[in-house]
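The values are calculated or read from the model by the stated rules, or taken from the named source; none is laboratory data. Predicted model, so just to flag it, every value in this text is computed and none were measured. Cβ placement follows ideal geometry from the backbone for every residue including glycine, while neighbour counts extend to all protein chains displayed.
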Amino acid sequence: MTTIIEVVQTTVVDSPETQILVIAEGIAGPRGLDGAPGDLVFTGIYDNGTTYVMNEAVQYNGSTYILKDSSAVGVPPTTGLGDDPKWTLVASKGADGTNGTNGADGAPGADGADGISGDYNALINVPSEFPPSAHTHSYEPANANIQAHISSTANPHTVTAAQVGAYSTSQVDTALSGKSDTSHNHAGTYEPANANLQAHVASTANPHTVTASQVGAYSTAQSDLALAGKTNMFGFPVDASGNYLCTLTYNESTRTITLTPTSGNYDIYVGGTKYTKGVETKVHGTTQGGHFIYFDETGTLVTSTTAWDLLRHAPVAYVFWDSTNSRGIAFEERHHAGRDVWWHRNQHFAEGTKATSGFGISGYTLNDGSSDGVVTFSVATGRLEDEDIQVDTEVLPDGGPYTI
C-alpha cells in the first residue's frame, strides 16, 4: 500500500497558519515472495542437564521459549519479556481455567456382610431411661475395707500351696510318714560352736590371702620399686586410706615410747633407705625438758635431749618431761615418707606448730596474789597443727600448778 503525504503551509503576519496534511490511500500492490524456511527445533520439556543451541525451543513452566544465544546448559529461561540474555519467550502459559461442575453420583455399592448376632433379651430388658436417685459413693482409694485388704498378709484370696508351686503340709506329712529313724541318734558338732570356724572368724592373719590390689593398695614390691633411689625420703609409708602402718603410744610411768605394727611389720625410710621394723620401744631420760625420739642414719630408734636433724633423721615423737612431778607429755612427730624433706625443713623452721582453735583459759583471778588458788587455771580442748600433723588435745583441768 502506498501513502502520499502532502504538506501545505501558509504564513500569516505575526501568526503561523495550521499545517494541513493530506493523506490518500493508494492501490494494494502484489504479494511478495515467501521467505526462506526457519530453523526452529522444538526439543520438548526443558532439561537442566541438556546443552541447547541457537533456535532450539523448549517448554518451561507451561510457556515456550527459543534459545537466542549460541548455546546454553544449566540456565533455564526466566519469566520476563526481553530481559533474558539467552531465551526469547514465544508463547506464554495461559491462565488457569475455572473448575468444572461436579459429576453425577455413582450407583450404591453392594450390601456388606451381616454382623454377629447379639443377645436380644439383653437389649429388650434395658430401660429406656435411667432416672436419677439419691445415693452416696465410697471411693476406693479412701475406702477402709479395700485398704485393709491390700495390706492384709493373711492370704485374703485363699491362695493354695499348689497355686504357688509348693506341697501342702498334709502332702509333706504323708510323704515323710514312717521315714524317721529314732534309733540313729548321735551328738553332732554344729558349725556355730565349731572351734575351727570360730578361730577362722576371729583370725586377723589374712586367712583368705587377700592381696594388696584387692583392697586398692600397692604391694610392698610395687612401693619399693617406686621409691627406690629417692634419697630424700624420711618417714613412714601410709596405706590407701592415709593411715600409718604402726601405732604410737606413750607410757608416762615408764617413760616409754612404743611403735607397734598394725599387722605384721612396718617400714621406715631414712635418707631413702628402707628399714623393716616390728615392735620398737625407747625409754627417754629423766632430764627436765624436751626429749627427741627418732630413727638415726642407721635406722636405729634413739632418744636424745638434742633436737634431730631433719635432713638426716626420721622423727617419731617429742616428749616434754617435768622431772619435779615426774610427768611427761608426748607429741606425735611421725610424717609421711612421700613428702619432700626440704619442704618439711622449711615448714618446721618457718611455720612451726600453731594452735588453730580452742585452748580457752579460765578459772583464774587477775591482779590478785592473795593465794595460790587465784592463779590456778584450766585450759579447754584445742587443735594443734604441726606441718602435716593435726592434734586435738584434751581439757587441762583447773588445779595445777601449771607454769605460765
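Go through (1) assigned to a loop (DSSP other than H, G, I, E, B); (2) within 20 Å of residue 243 (Cα to Cα) and name the single condition residue 268 misses.
(1)
Look at segment 370-394 and say how many of its residues are within 21 Å of residue 344 (Cα to Cα) and either crowded, with 16+ Cβ neighbours inside 10 Å or of a type in the set (Phe, Trp, Tyr) (or both).
The number of residues fulfilling the criteria is 3.
Please count how many residues of segment 318-353 are surrounded by fewer than 16 Cβ atoms within 10 Å (Cβ to Cβ), out of contact with any Leu (no Cβ under 7 Å at 6 or more places or on another chain) and among the basic types (Lys, Arg).
Count: 1.
Mind counting the residues in segment 145-194 that are hydrophobic (A, V, I, L, M, F, W, C) and at pLDDT below 80? Spell out the reasoning first.
The first filter runs over segment 145-194 and keeps only residues hydrophobic (A, V, I, L, M, F, W, C), leaving 146, 148, 150, 154, 159, 161-162, 164, 166, 172, 175-176, 187, 193.
Imposing the further condition that a residue be at pLDDT below 80 reduces the set to 187, 193.
Final tally of qualifying residues: 2.
Can you find a residue in segment 306-318 that is among the charged types (D, E, K, R), touching a residue at least 40 places away in the same chain (Cβ under 8 Å) and farther than 21 Å from residue 247 by Cβ? Even if it seems obvious, please write down each step before you answer.
Going residue by residue through segment 306-318, those that are among the charged types (D, E, K, R) are 309, 312.
Now restrict to residues that are touching a residue at least 40 places away in the same chain (Cβ under 8 Å): 312.
In the following step, the residues that additionally are farther than 21 Å from residue 247 by Cβ were identified as 312.
There is at least one residue in segment 306-318 that is among the charged types (D, E, K, R), touching a residue at least 40 places away in the same chain (Cβ under 8 Å) and farther than 21 Å from residue 247 by Cβ.
Against the condition touching a strand residue (DSSP E or B) at 6+ places or on another chain (Cβ under 7 Å), among the small types (Gly, Ala, Ser) and farther than 12 Å from residue 87 by Cβ, how does residue 74 come out, does it pass? Spell out the reasoning first.
Values: touching a strand residue (DSSP E or B) at 6+ places or on another chain (Cβ under 7 Å): no; among the small types (Gly, Ala, Ser): yes; farther than 12 Å from residue 87 by Cβ: yes.
Here the answer is no, as residue 74 does not meet what is asked.
Is it fair to say residue 265 is farther than 30 Å from residue 204 by Cα, free of Cβ contacts under 8 Å to residues at least 60 places away in the same chain and not aromatic (Phe, Trp, Tyr)? Steps first, please.
Values: farther than 30 Å from residue 204 by Cα: no; free of Cβ contacts under 8 Å to residues at least 60 places away in the same chain: yes; not aromatic (Phe, Trp, Tyr): yes.
Spelling it out, it is not the case that residue 265 is farther than 30 Å from residue 204 by Cα, free of Cβ contacts under 8 Å to residues at least 60 places away in the same chain and not aromatic (Phe, Trp, Tyr).
Exactly one condition in (1) closer than 19 Å to residue 244 by Cβ; (2) of a type in the set (Lys, Arg); (3) not assigned by TED's automatic domain parsing to the domain that holds residue 244 is false for residue 334; which is it?
(3)
If we scan segment 304-316, do we find a residue that is hydroxyl-bearing (Ser, Thr, Tyr), surrounded by fewer than 16 Cβ atoms within 10 Å (Cβ to Cβ) and closer than 24 Å to residue 267 by Cβ? Walk me through how you get there before you give the answer.
At the first step, the residues of segment 304-316 found to be hydroxyl-bearing (Ser, Thr, Tyr) are 304-306.
With the extra rule that they be surrounded by fewer than 16 Cβ atoms within 10 Å (Cβ to Cβ), the set shrinks to 304-306.
So of that shortlist, the ones also closer than 24 Å to residue 267 by Cβ come out as 304.
Yes.
With a cut-off of at least 2 residues that are at pLDDT 80 or above, name the strands (runs of 3 or more DSSP E) lying wholly within segment 322-401.
Details: elements: 327-332, 353-358, 382-386, 389-392.
Hits in segment 322-401: 327-332, 353-358, 382-386.
For residue 306, indicate whether it is modelled with pLDDT of 95 or more and farther than 22 Å from residue 346 by Cα.
Working: modelled with pLDDT of 95 or more: yes; farther than 22 Å from residue 346 by Cα: no.
In short, no.
How many residues are modelled with pLDDT of 90 or more, among the small types (Gly, Ala, Ser) and either in contact with a Leu (Cβ under 9 Å, 6 or more places away or on another chain) or surrounded by 12 or more Cβ atoms within 10 Å (Cβ to Cβ) (or both) when one looks only at segment 223-277?
3
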